[in-house]
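Some notes on the structure that comes next.
The values are calculated or read from the model by the stated rules, or taken from the named source; none is laboratory data. Predicted model only: the values in this text are computed from it and were never measured. Neighbour counts are summed over all protein chains in view; Cβ atoms, including those assigned to glycine, are modelled from backbone coordinates with ideal geometry.
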């Protein structure tokens with residue numbers, strides 16, 4: 001791709017080192033060489049539109065090559081990108097089953113996927129799904145670890161991940177990889193073909209990739225085969241959900257307070273025990289299956305000596321699935337007094353009595369589970385012109401069209417209206433289609449005919465489009481520059497259109513599907529932007545100032561639904577002597593509400609939370625919590641059969657933009673060839689943050705306030721606000737009939753403040769040994785602080801070193817203080833061996849309870865090994881990820897799988913074999 005010049009040598013050195021701070025590769029390319037700059041190829045690096053003669057930048061950038069991706073052994077980009085030390089918190093991906101939409105995301109600094117801008121060749125995508133970017137088409141990945149709103153506009157508050165695709169590719173490369181866990185499951189197959197050709201006038205490249213990942217069940221691993229709970233005796237026991245295969249009922253009026261069942265052996269009424277709990281884990285995925293096909297192409301053709309036309313096109317289709325335990329009659333199914341199987345016909349002592357209406361919570365296990373499927377298609381097309389003027393100024397004009405269509409089908413979704421018919425003798429007799437009266441108090445009584453009658457598939461369609469028209473011009477002032485060299489600059493304009501639509505299923509519109517909002521949502525907006533960027537060499541060739549460079553940028557953004565705003569960034573690069581670069585940046589950030597944040601429909605989600613009233617009479621709760629629990633009429637030994645709240649998530653068309661300030665300062669030291677060390681401090685503050693207060697934060701703040709006085713208590717609206725209202729609790733307006741917190745409003749709002757700071761570091765060293773070369777690299781992040789204020793007026797909470805509810809993903813994630821990767825490799829002309837160790841420090845439960853068995857998610861080191869053998873045009877590789885089969889830790893407070901599944905490896909040891917052929 002690069003000509004044989006100083007830049008080419010720098011890039012070759014970067015590739016040789018692997019992934020380290022990009023400035024380290026070219027610290028020796030200084031302002032002294034400006035006299036020959038016109039003869040040196042200029043390129044654009046992530047975070048700047050100015051084309052440079054080297055890779056130096058005031059901003060911290062890390063570069064990963066395609067060889068780094070291959071050495072990791074990951075068949076897709078998901079795990080590779082999510083393992084970066086600068087990534088923290090939760091994310092969507094293969095480890096997420098409950099609440100997944102099939103996508104894979106990345107969250108730099110743990111600030112949320114929506115604050116990390118995903119680019120392909122410097123341009124936006126429609127959805128930001130890492131699954132839509134094939135590994136075989138990626139030449140390198142550039143990670144910008146500071147704010148870039150002035151260069152790329154909204155969404156770049158935490159940073160940018162820019163995937164640079166292959167262009168000048170000659171010949172054909174075929175790759176095949178097969179992965180299998182040490183347990184003999186989770187098979188993953190990847191096949192890829194990339195072919196290209198070049199001439200004096202241009203080039204073309206085409207890439208096809210197919211990946212198929214099989215599922216792993218939670219029941220296939222000892223640590224997750226059953227939902228665990230503390231047993232109060234220093235251990236755990238299998239528990240699960242109190243909504244089980246034999247219907248749970250309660251009725252204080254009939255002498256049945258709490259949870260009761262009809263004993264399946266004796267037929268007598270008795271209290272629910274742990275042995276009756278439903279094991280939903282055994283029928284849930286741990287690793288979700290998916291099948292992806294993609295085709296991508298790029299071409300460039302020289303129209304004249306200084307003008308070329310270029311194009312990019314891509315299509316990806318993803319078929320993904322999630323499977324969870326079967327639906328339950330969570331709405332509080334009514335069984336009338338005249339039902340022949342109504343258990344309140346007998347008192348607890350077995351004597352007959354007048355029956356009354358009861359609510360029954362019964363797991364509808366006969367359906368096999370709730371299956372969620374996505375047929376997701378992602379389209380992308382870019383066409384543009386680029387060239388240079390006689391004075392070497394460069395220009396480009398391009399149009400980017402990106403669109404996604406997500407056709408979803410959910411199976412095993414109940415129709416509460418028809419279930420009420422199935423349990424009512426009167427209603428069933430009046431409905432000719434009713435297949436017969438159902439006995440919900442006994443397992444196995446839901447017949448295929450009843451399933452056909454009372455279940456509906458839910459088939460919504462979600463689609464969105466991004467259209468981007470931009471023009472850029474960059475150059476320098478040549479002889480009219482500063483004494484230390486010419487001032488370089490870039491300027492440009494951009495017009496962007498965004499639209500989104502969520503079309504619900506017809507049955508959902510009629511209110512026939514439990515828990516599904518039936519309101520169609522759609523919206524669109526457009527914006528105009530302009531920017532100016534400069535790079536000014538202030539001083540050069542002075543004592544202790546070999547080079548001093550100032551960079552600055554300003555961007556004006558005008559959205560059709562917001563007030564126009566301007567954002568600035570300033571940077572400084574100081575080279576006191578050859579081999580040392582000191583750098584700093586300060587930037588204003590701006591993020592407009594995303595299209596889905598504005599217009600996504602409200603949906604019900606069952607989110608885990610810490611129940612504040614568990615056995616409060618003898619617990620360690622504060623006096624305020626105990627008083628509030630008692631005021632709700634809860635018994636002192638209160639305990640839930642499931643710690644999930646029914647919450648409402650979704651968009652808000654009245655959102656306002658976020659604002660941020662970021663600061664970075666650090667240095668890159670290259671005292672001798674083949675060695676570099678970089679260290680950068682970062683500090684990011686976000687105000688008016690879009691997000692949710694978080695179920696845990698809302699519930700705990702509410703119960704810790706005297707007489708429920710916290711403003712957050714207003715967000716606990718109770719079961720009546722849900723799409724399918726649940727039966728209310730007998731004494732608490734905040735709880736459903738099972739006693740769980742219900743109707744928590746976690747829809748998007750401008751209510752949060754974030755302030756995070758820490759240090760990034762990386763070092764690399766390479767040297768020859770015998771007939772080969774050793775390469776060593778360490779890169780890591782220390783998270784010093786992550787202060788999050790969930791709601792105005794509330795105290796901020798410290799996430800650093802904690803696991804807590806990620807406000808973006810609305811699920812638990814680990815915000816580890818230390819994340820570090822170490823890689824060592826030795827390569828000869830015939831073979832290569834590489835080793836990687838990935839470390840994450842321990843985290844503590846943000847809402848740790850001293851009565852819990854485990855408030856700590858332990859530190860962990862994952863170790864990977866790969867060996868490759870080169871034979872003519874072939875490369876044969878064999879490797880293992882998580883070589884020692886490290887298991888995720890048990891935590892009392894967990895989201896799923898008894899652990900922090902979005903932050904730990906749940907599949908275990910993975911073996912893989914790969915063959916590459918180049919022709």
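Condition first: outside any loop (DSSP other than H, G, I, E, B), more than 33 Å from the chain's Cα centre (by Cα), at pLDDT 85 or above and surrounded by 19 or more Cβ atoms within 10 Å (Cβ to Cβ). Can you find one or more residues in segment 577-587 that meet it? Checking segment 577-587: at least one residue is outside any loop (DSSP other than H, G, I, E, B), more than 33 Å from the chain's Cα centre (by Cα), at pLDDT 85 or above and surrounded by 19 or more Cβ atoms within 10 Å (Cβ to Cβ). If you go through segment 342-371 and pick out every residue that is assigned to a loop (DSSP other than H, G, I, E, B), surrounded by 15 or more Cβ atoms within 10 Å (Cβ to Cβ) and out of contact with any strand residue (DSSP E or B) (no Cβ under 7 Å at 6 or more places or on another chain), you end up with 1. The requirement of being more than 28 Å from the chain's Cα centre (by Cα), free of Cβ contacts under 8 Å to residues at least 40 places away in the same chain and either part of a loop (DSSP other than H, G, I, E, B) or surrounded by fewer than 19 Cβ atoms within 10 Å (Cβ to Cβ) (or both) is fulfilled nowhere in segment 516-526; no residue meets it.
Restricting 131, 95 to those that are in contact (Cβ under 8 Å) with a residue 40 or more places away in the chain, assigned to a helix (DSSP H, G or I), surrounded by 24 or more Cβ atoms within 10 Å (Cβ to Cβ) and within 18 Å of the chain's Cα centre (by Cα) reduces the list to 131.
Of the strands (runs of 3 or more DSSP E) entirely within segment 752-841, those holding at least 1 residues that are farther than 24 Å from residue 863 by Cβ and modelled with pLDDT of 95 or more occupy 772-789, 802-806. Screening residue 114 on (1) under 27 Å from residue 811 (Cβ atoms); (2) at pLDDT below 95; (3) in a loop (DSSP other than H, G, I, E, B) shows it passes everything except condition (3). The residue that is farthest from residue 794 (Cα to Cα), among those in segment 679-700 that are in a strand (DSSP E or B) and over 21 Å from the mean Cα position of the chain (by Cα), is 679.
Please verify whether residue 75 is crowded, with 24+ Cβ neighbours inside 10 Å, touching a residue at least 60 places away in the same chain (Cβ under 8 Å), closer than 22 Å to residue 288 by Cα and over 11 Å from the mean Cα position of the chain (by Cα), treating the condition exactly as stated.
On the way: crowded, with 24+ Cβ neighbours inside 10 Å: yes; touching a residue at least 60 places away in the same chain (Cβ under 8 Å): yes; closer than 22 Å to residue 288 by Cα: yes; over 11 Å from the mean Cα position of the chain (by Cα): yes.
Criteria met by residue 75.
Which one of 657, 706, 711 is within 30 Å of the chain's Cα centre (by Cα) and surrounded by fewer than 17 Cβ atoms within 10 Å (Cβ to Cβ)?
Details: 657 fails: surrounded by fewer than 17 Cβ atoms within 10 Å (Cβ to Cβ); 706 fails: within 30 Å of the chain's Cα centre (by Cα).
Criteria check complete, one pass: 711.
When the residues of segment 871-910 are narrowed to those that are surrounded by fewer than 16 Cβ atoms within 10 Å (Cβ to Cβ) and not in a loop (DSSP other than H, G, I, E, B), which ends up farthest from the chain's Cα centre (by Cα)? Within segment 871-910, the match that is farthest from the chain's Cα centre (by Cα) is 871.
In the list 606, 652, which residue meets the criterion of being modelled with pLDDT under 95, in a strand (DSSP E or B) and within 29 Å of residue 96 (Cβ to Cβ)?
Values: 652 fails: in a strand (DSSP E or B).
Criteria check complete, one pass: 606.
Does any residue of segment 153-165 turn out to be over 30 Å from residue 683 (Cβ atoms) and either touching a residue at least 60 places away in the same chain (Cβ under 8 Å) or within 23 Å of the chain's Cα centre (by Cα) (or both)? Looking for residues that are over 30 Å from residue 683 (Cβ atoms) and either touching a residue at least 60 places away in the same chain (Cβ under 8 Å) or within 23 Å of the chain's Cα centre (by Cα) (or both), one finds at least one in segment 153-165, hence yes. Is there any pair linking a residue in segment 652-670 that is free of Cβ contacts under 8 Å to residues at least 40 places away in the same chain to one that is in a strand (DSSP E or B) and buried (at least 17 other Cβ atoms within 10 Å of the Cβ), with Cβ under 9 Å and at least six apart or on different chains, and which? Filtered contacts from segment 652-670: 654/749; 654/750.
Just a yes or no: is a residue in segment 715-735 closer than 24 Å to residue 644 by Cα, touching a residue at least 60 places away in the same chain (Cβ under 8 Å) and part of a helix (DSSP H, G or I)? So far as segment 715-735 goes, yes, one or more of its residues are closer than 24 Å to residue 644 by Cα, touching a residue at least 60 places away in the same chain (Cβ under 8 Å) and part of a helix (DSSP H, G or I).
Return a yes/no flag: does segment 408-426 have any residue that is free of Cβ contacts under 8 Å to residues at least 60 places away in the same chain, over 36 Å from the mean Cα position of the chain (by Cα), buried (at least 20 other Cβ atoms within 10 Å of the Cβ) and more than 30 Å from residue 521 (Cβ to Cβ). Checking segment 408-426: at least one residue is free of Cβ contacts under 8 Å to residues at least 60 places away in the same chain, over 36 Å from the mean Cα position of the chain (by Cα), buried (at least 20 other Cβ atoms within 10 Å of the Cβ) and more than 30 Å from residue 521 (Cβ to Cβ). Residue 664 passes every criterion in (1) under 30 Å from residue 497 (Cβ atoms); (2) surrounded by 19 or more Cβ atoms within 10 Å (Cβ to Cβ) apart from (1).
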